[in-house]
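Okay, so here's the structure we're looking at.
Just so it is clear, none of the values below were taken in a lab; they were calculated from the coordinates. Not measured: the values here are computed from a predicted model. With ideal geometry, Cβ positions are generated from the backbone for all residues, glycine too; neighbour counts draw on all protein chains shown.
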Amino acid sequence: MNGKMRRLLSGAVAFIILLPAAAAAAEAEDIYQDAAKYVLETVPEPQVGSIGGEWAVLGLARGGYAVPEDYFQDYYYRVEDYVKACGGVLDEKKMTQYSRIIVALSAIGKDPTNVAGYDLLTALGDYEKTTWQGINGPIWALLALDCKNYAMPQNPEAAVQATRDMYIQKILDSRLPDGGWSLVSGTDSAGKDSVSEPDVTGMALQALAKYQDRPEVKEAIEGALACMSAYQNENAGFSGWDGTENLESCAQMLVALCELGISYEDPRFVKGGNTLFSHLLSYYQAGKGFVHTADGSGSAQMSTEQGLYALAAVKRFAAGESSLYRMEDAAAVETENYIGLSGKIEDVHVMEITSKGKTFTDIAGHSAQTAVEALAERGIINGMTETEFMPDANMSRAEFAAIIARGLGLASEGGRTFSDVPETAWYYPYIKTASGYGIINGVSDTEFDPEGKITREEAAVMVARAAKLCGMNTEIDTFAARNLLAGYIDYVKASDWAVSALAFCSKEDILDNTVLELRPQEAVSRGEIARMLYTMLERARLL
């Protein structure tokens, strides 16, 4: 095999190293498609985390791979659940947790400033916390902030409010004497003999790329490129801190060149007829992604995901598209496409916030406060007066019909008429709608009893019916239902027709599982109804 050829680790594939641009783009596309297919198989449900999470999402999204319709949608739901479980605090010190998720969400067209009600960008306004982690902190903060030109967040809790210039200067001040960066850059461990690491230097260059019109940044970039060119091996690869050639070092420098607008065929990075692109492909295994080192050691999954998004960067560069981390062109995902479960009926819609900050004077500290405020902001539930909600008062059947119809965003749909529900009554359209969708029934064939009170078991049955329309699986057999309810000391008092619905509501925490009694046939309060509906809508991903 001559100097223009390399053997792929798959064992049988060979290719020309210095391919014409069109052929190289085709080569990148073919291998990208194969690697993306492998990532999709090995990461069928991306979680919150770098490996098996954000890097996979980044590579698939920015490379334009045809993922299943709900792939990114379900990832976003997992992020929402994770953020809610953390109370919006992903980590007290490692701000790269925020940056990584911001980048992934931006790549799939989601808004990181409102994830389950939390603004993930805010954390990056804390300079000391962001830089505490070392050089990775400011690097990823800039990548996250700049991927969609987000405004610099103001963090009222920060001891030192960050600015972009502060992060840029931190990276510049952390250069090692040889011109690049390593994980010890900017720390007391960095000395005159410290050697730059290609992967960290590559990431620093990616972060600085947007600012290369600044003389001091341009100078630092040129120095780092000269440093990396000198450290490059004769086959165009790089050795890591342990002296072993690895994919990640090559991938990060390749992405850096693409971010800087520099061809991977730039003479500074062609060694022995090899380019960074051809060296990256030397780690590729057909149908199996990428390996970490030539002997196959290390984390293949991490290498595969970094190799994938490096290929995405090359593809975008070859096509003249915006770079990997310039996501202004990321498709804006319609909210409706990301709302609700796949099994919900088309008529169920999310209710948007119309009265942000709406609250009532008598719910402060009440167990239903969060639920009442969330529903009131969306116009789903009203107070008994403009200022009072009266959470411990009972709710009438007419009021319940109104909030359940509004909660699901249902429009008038057929429905029955009742002799005691005049067309002139305010609740007429809601009762007609809720009955039309089978959520509520009358107390007889002809009467609804709009002013009557609702018991807990009746409320559970109606909420369960609404949940089914929202795509939730509400079916629970009798044996399982009895086991689920056995924790309540009075569960035997529940009517047979309500047992399955009560069990469903208990399983989904729609019923308050912190109490010992079901009290199934007692009237339910307005606060309890608000909490039940709020929890159901959350579980159905309609809030």
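A straight line joining the Cα centroids of the stretch 232-295 and the stretch 468-543 runs 57 Å. For the stretch 22-91 versus the stretch 413-433, the spacing of their alpha-carbon centroids is 48 Å. Shown here for the stretch 67-124: trypsin sites (Lys or Arg not before Pro) in loop regions (DSSP other than H, G, I, E, B) with at most 13 other Cβ atoms within 10 Å, namely Lys93. Taking 25 °C and 0.890 mPa s as conditions, the stretch 369-539 diffuses translationally at an estimated 151 µm²/s according to Stokes-Einstein applied to its Kirkwood radius (Cα pairs). Among the trypsin sites (Lys or Arg not before Pro) within the stretch 175-279, those in coil by DSSP and having at most 12 neighbouring Cβ atoms inside 10 Å are Lys192.
Projecting the Cα atoms of Gly63, Ala464, Pro267 onto the charge dipole of the chain (Cβ charges, centred on the Cα centre) puts Pro267 farthest toward the positive pole.
Compactness ratio for the chain: Cα radius of gyration over 2.2 N^0.38 Å (N = residue count) comes to 1.20.
Filter the GluC sites (Glu not before Pro) in the stretch 72-180 down to the DSSP loop ones having no more than 11 other Cβ atoms within 10 Å, then list what survives.
When the GluC sites (Glu not before Pro) of the stretch 72-180 are filtered for loop state and at most 11 Cβ neighbours within 10 Å, Glu92, Glu157 remain.
Just round it to a whole percent: the fraction of Cα-Cα distances in the stretch 82-159 exceeding 21 Å. List each step's numbers first, then the result.
On the way: 509 of 3003 pairs.
Counting pairs separated by more than 21 Å, the tail of P(r) holds 17 percent.
One quarter of the convex hull surface built on the alpha carbon atoms of the stretch 223-343 amounts to 10.3 nm², the projected area averaged over directions.
Amide H contacts for Thr455 (H built 1.01 Å from N in the peptide plane; partners 5 or more residues away or on another chain; cut-off under 5 Å): Val524. In the chain, helices alone account for a calculated mean residue ellipticity at 222 nm of -13000 deg cm²/dmol, with every DSSP H run of four or more residues adding -39,500 (n - 2.57). Here the stretch 361-424 yields Rg over Rh of 1.03, to two decimals, using C-alpha coordinates and the Kirkwood radius.
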